[in-house]
Structure formats: structure tokens, C-alpha cells
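Student: Structure in C-alpha cells, see below.
The values are calculated or read from the model by the stated rules, or taken from the named source; none is laboratory data. What you are looking at is a predicted structure, and each value in this text was computed from that prediction instead of being measured. All Cβ positions, even for glycine, are placed from backbone atoms using ideal geometry, and neighbour counts span all protein chains on display.
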Amino acid sequence: MTVKSERTDATTRRPEDALLLTERLANRNRDLAILNAISEALNGARDVQTALENTLTLVTDFFGLRSAWVWLLDPKDRPFLAASRHLPPFLREPARMEGWLCLCLQRFTRGDFDGAANIDVLKCSRLRDATSGSEGLRYHASISLHLGSKRVGVMNVAGPDWRRLSGEELQLLHTIGNQVAVAVERARLSEEGARAAQLEERNRLAREIHDTLAQQLAGVALHLETADEMLPERPLDAHERVRSAMTLVREGLDEARRSVQGLRAAPLEDASLDDALHRLAAQFMRETGVQTAVQIQSELPNISADAEAALYRITQEGLTNVRKHAAAQNTTIRLSLESGELRLRVRDDGRGFDHEVEQQDQGFGLMGMRERARLLGGDLVVESTDGRGTVLTVRLPLSSRQRGTE
């Protein structure tokens, strides 16, 4: 009789178990849908603020809440309000949200807060003095935004009723918080990279202006001043000085045109790196008469567009140095795979220079080339002997997949 009773109970539980399983699957599908929607919102936005605002809209709609806001940490670890949705009137006043830390942020900045938790808003220091304008705000959930051990910020979501979010809801919010932290940090790294590239390009321009136009203008001024002094008594010599000044002006104009051409943003837009280097070499030969060979190893691994652009610019700068300083007859550009590294060499048979002088004088554009290589995780080596030419070598590390060792 006991066995029969157990079978009967099991039979009666099966529909309930199936219903529970169906409910769990529905909840899981719902959670996956919101995570997918938030991923699309974060990846599709044009900037961090738009991404956060779109995310807050999805979160509040999904959880049936009204208000949400996100704090992020600036480079000095100071919190600032990065985005919000439907803040109650009391919290819209700048003095309520700026210049001081509420209890939640105090816990977060001390490192006492990780994950997601319900917070009693009636005890929130930002609403402590609110006699009106809180729109009945009762509870909010605070979700810490971390990327590994790095603190990124805090996301708060709130509603006007007394409903506390369940453990499952808090866990889902924690997962959403991880998505937000990754997207924010990725955007910051992208912005930092863009700023570094802009700074490097400004520094390159500064060096270019100093090494060419400024020196040529100084020479023009010297020739004209001398001509002015010679003119009353030595007009023929003064005329020669004026002609020399005119020559410097024309050279300066040519340098300016080359610099402007070099600033064009897309030397590789319509060509491979191989084709671009061959075109660069051909142009260099036309302008200087220096015989220039390009040697590209076949079947090189694919590299990023940033790496291709950097190698092109380094080659361009290397040829500029040959033009200005080497007095070379021949130059070779070689791109090859050696010892698991991608290596670019620009070699000339010119006059060379003392390496100790090169270490002291960064006017040859070497500093800019080294910075380009460093940003890609590589390095740049210059080998030169006075009277025996120069070899410039860039070494870029490759992943195991790019080396074909996986």
C-alpha cells in the first residue's frame, strides 16, 4: 500500500513539476532577452552617455520600476552622475547630486560594496531632507559596477512602491552591471587610445614644423637681414642673398605640401599595405632620385588596420629622414616575419650618424616612430655608423594564431 501511495503522489506531482519547469524556462528566456537587448544597446550607442541612458530605459521597463541613475568614477576616483532616467524632482536639483558622497557611494568607494542589494531609500542621505518631490520613492537597488578588481561605478534603480527586488532579480541586475562595466571601460580605453593618437600626431606636427618650416624661415630671415645691410654698398651680393632666401621659401613650400599630403587620413583606404608601400617608394624615388626597393615577404599574417597604418607612417617618417639627412644613393624597405615577429626595416647607404648623438637629438622623428611602435606593443631599433648608412627596424609581436602555431 505504501508503494502505491508513493506512485500516486509522484503522478500528481508531475504536472506541477512540468509547470514549474516551464515557468523556469520562461524566466530564463526572459532574462536572456533583456541581456541581449542591453548588449545591443551598449554596443550600438555612439557614446557612453547614450549607451547608459538606453540601458537604464530597458532596465526600468523590464523590472517595472520608474527611476534609475548611474555613477561613474573619474580618473581621480571621484564619482559623478553619468546618466539618469526619471529622477524625482527633489534629486534633479544639482546640489542634491553633486559635491558629496551619499551612504551608497561611501560604501562603494571604501570597497565595502560588491554585487547588488536592496537599499532603504527612506534612509538614503540624498533624500533625508525631502518633504516633497520624492514621488513616493521607497526602495532602490544598488548595483556595483566592477571590471575584475577595478571599480567602475554604481547603478541604482528605484520604484515608488514597497516591493523589494528578489534574489533572482538582483542576480540579473548584477549580470547587467557586469555588462555595463565592460562597455564603459571599453569606451574609456577607446577614448584614451584616440587621445593618445591625437597627441602623438600633434607632437609629430610640432617636430615637423620645428625641423623644417621654422628652420627654413629662420634662414630666410637671416638672408634678408644680410641683404638689407649689403644693399647700399654691395647690391650684387645683396641680390644673391635675396635669391638664396627665395630658394629657401620654395623649399619650405614644398615641405609644407609634403606635410599636408602626409596628413591625409587614408593612405590605406583603397590599398593593401603592400601596395601602399610600393606607391610610397615610387613617389620617394620620383622626388629624390634615390633608388628605393620594396621587399615584402609572401603570405604574411593578417594584422590590424591600426598596425598597418602605424607601419606605413613609420616607413614614411623613415624615408623623410633619408631625404633630409642621409645623402643616400639606395634605400630598401623590407617587411618580413622573423622569430615570431613582424619586422619592418628601412635601410639606406647614406652618411649615417653617431648613435650617441641620436640618443640626445630626437629631431629626426625617431621619438614619434618609437611611440607608434610602443602603442602596438612593439619597439624600434636604430643601427647606424658614421659614414656607413642606417638601418631602422620595427619589431611587432604576433599572437600564436597570427604566427600559425595554434
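Student: Which of the residues spanning the range 260-282 are modelled with pLDDT under 85 and exposed (fewer than 14 other Cβ atoms within 10 Å of the Cβ)? Steps first, answer last, please.
Tutor: Initial filter on the range 260-282 (modelled with pLDDT under 85): 260-271.
Hits for the range 260-282 are Val260, Gln261, Leu263, Arg264, Ala265, Ala266, Glu269, Asp270.
Student: Another question, then. Here's a check for you: in the range 151-200, which residue that is of a type in the set (S, T, N, Q) and within 20 Å of the chain's Cα centre (by Cα) is surrounded by the most Cβ atoms within 10 Å (Cβ to Cβ)? Spell out the reasoning first.
Tutor: If we filter the range 151-200 for residues that are of a type in the set (S, T, N, Q), which is where we start, we get 156, 166, 171, 175, 178-179, 190, 198.
Then keep just the ones that are within 20 Å of the chain's Cα centre (by Cα); that gives 179, 190, 198.
Numbers: Gln179: 17, Ser190: 11, Gln198: 10.
Checking each candidate, the answer is Gln179.
Student: Which pairs have Cβ atoms under 7 Å, sit 6 or more apart or on different chains, and link a residue in the range 95-110 that is outside any loop (DSSP other than H, G, I, E, B) to one that is surrounded by 12 or more Cβ atoms within 10 Å (Cβ to Cβ) and of a type in the set (Phe, Trp, Tyr)?
Tutor: The qualifying pairs are Arg96/Phe90; Leu105/Trp71; Arg107/Phe113.
Student: If I ask for residues that are surrounded by 18 or more Cβ atoms within 10 Å (Cβ to Cβ) and aliphatic (A, V, I, L, M), which ones from the range 59-91 would you list?
Tutor: Within the range 59-91, Val59, Leu65, Ala68, Val70, Leu72, Leu73, Ala82, Ala83, Leu87, Leu91 meet the criteria.
Student: Checking the condition of a type in the set (Lys, Arg), in a helix (DSSP H, G or I) and either more than 22 Å from Leu103 (Cβ to Cβ) or modelled with pLDDT of 80 or more (or both), which residue from Arg46, Arg28 passes?
Tutor: Exactly one of Arg46, Arg28 is of a type in the set (Lys, Arg), in a helix (DSSP H, G or I) and either more than 22 Å from Leu103 (Cβ to Cβ) or modelled with pLDDT of 80 or more (or both), namely Arg28.
Student: Of everything in the range 21-35, what is without any contact (Cβ under 8 Å) to a residue 60 or more places away in the chain and either in the same structural domain as Leu173 (by TED's automatic domain parsing) or of a type in the set (Val, Ile, Thr) (or both)? Give them in sequence order.
Tutor: To start, the set of residues in the range 21-35 that are without any contact (Cβ under 8 Å) to a residue 60 or more places away in the chain comprises 21-26, 28-30, 32-33.
Of everything in the range 21-35, just one residue is without any contact (Cβ under 8 Å) to a residue 60 or more places away in the chain and either in the same structural domain as Leu173 (by TED's automatic domain parsing) or of a type in the set (Val, Ile, Thr) (or both), namely Thr22.
Student: Please determine whether any residue of the range 283-302 is part of a loop (DSSP other than H, G, I, E, B), modelled with pLDDT under 85 and not basic (Lys, Arg). First the steps, then the outcome.
Tutor: Residues of the range 283-302 part of a loop (DSSP other than H, G, I, E, B): 289-290, 297-302.
Those left that are additionally modelled with pLDDT under 85: 299.
Add one more test, that the residue is not basic (Lys, Arg), and what stays is 299.
Yes, because at least one residue in the range 283-302 is part of a loop (DSSP other than H, G, I, E, B), modelled with pLDDT under 85 and not basic (Lys, Arg).
Each row is one residue, and each column tells you yes or no for (1) farther than 21 Å from Asp31 by Cα; (2) among the polar types (S, T, N, Q); (3) modelled with pLDDT of 80 or more.
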position	(1), (2), (3)
Ser84	yes, yes, yes
Phe108	yes, no, yes
His146	no, no, yes
Gln171	no, yes, yes
